[in-house]
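These notes concern the structure reproduced below.
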């Protein structure tokens with residue numbers, strides 16, 4: 001029997017590898033001053049980096065805030081600003097659509113859009129590539145050692161409601 005793993009299309013990632021990458025990302029987040037009670041926005045479709053960034057946020061005591069990739073740039077900007085996101089992790093093709101909505105001085109880590117997502121959504125190969133001048137998520141986290149300790153209990157996530165009375169409301173779970 002093989003090691004526990006997650007599959008996405010033809011790609012397979014062992015849980016141990018995802019856990020190590022999350023621990024490296026946690027060290028990176030800590031180096032940016034991200035810690036207890038802060039927010040890391042995750043603007044990704046279902047992909048391995050979604051797990052990595054979410055787990056990394058928890059390891060430093062920060063909330064992972066998934067942002068619906070169907071949001072308009074204004075809706076995304078509202079969530080980034082309202083949540084107080086200290087970092088954003090985003091797929092390359094999604095970055096292109098909301099680049100101007102990202103608050104200044106918030107670090108952005110871009111993930112190359114994987115082949116199965118490119119195919120599923122009819123994206124061009126060019127749209128999936130990292131845009132020039134952006135910070136590659138994988139290269140960034142690879143430069144950090146895995147974090148050695150985290151909080152006893154990660155805080156969970158911060159989700160946004162549908163906003164029936166105006167703007168969506170952030171709910172810390």
Can you sort 21, 7 so the residue with the fewest Cβ neighbours within 10 Å comes first?
7, 21
If 60, 118 are placed from fewest to most neighbouring beta carbons inside 10 Å, the sequence is 118, 60
Return the distance in nm (one decimal) between the two label points of a simple spin-label model at residue 16 and residue 136, each offset 7 Å from Cα along Cα→Cβ.
2.5 nm
Return a whole-number percent for the relative contact order of region 1-115, with Cα pairs under 8 Å and 6 or more residues apart as the contact set.
23 percent
Choice from 86, 104, 129 showing the highest fluctuation, given a GNM over the chain with Cα pairs closer than 10 Å:
104
I need the shape label for region 71-143. Rule: rounded when a/c is under 1.5, else prolate if a/b > b/c, else oblate, with a, b, c from the alpha carbon gyration tensor.
oblate
Mean-square fluctuation maximum in Gaussian network of the chain, Cα pairs under 10 Å, restricted to 55, 36, 26, hits 36
If I compute Cα extents along the principal axes in Å from the structure I just sent, which labelled value in (1) 51, 42, 31; (2) 73, 37, 30; (3) 56, 39, 24 lines up?
(1)
R0 = 45 Å: FRET efficiency of residue 4 with residue 104, Cβ-based, nearest 0.05?
0.65
Looking at the chain as a GNM with Cα springs under 10 Å, which of 149, 92, 57 has the largest mean-square fluctuation?
149
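To the nearest 500 deg cm²/dmol, what mean residue ellipticity at 222 nm is calculated for the chain from DSSP H runs of n ≥ 4 alone, each contributing -39,500 (n - 2.57), summed and divided by the residues?
Value at 222 nm, helices only, nearest 500: -10500 deg cm²/dmol.
A short reminder: the numbers here are calculations on the coordinates, not readings from a lab. Computed from a predicted model, the values in this text were never measured in an experiment. All Cβ positions, even for glycine, are placed from backbone atoms using ideal geometry, and neighbour counts span all protein chains on display.
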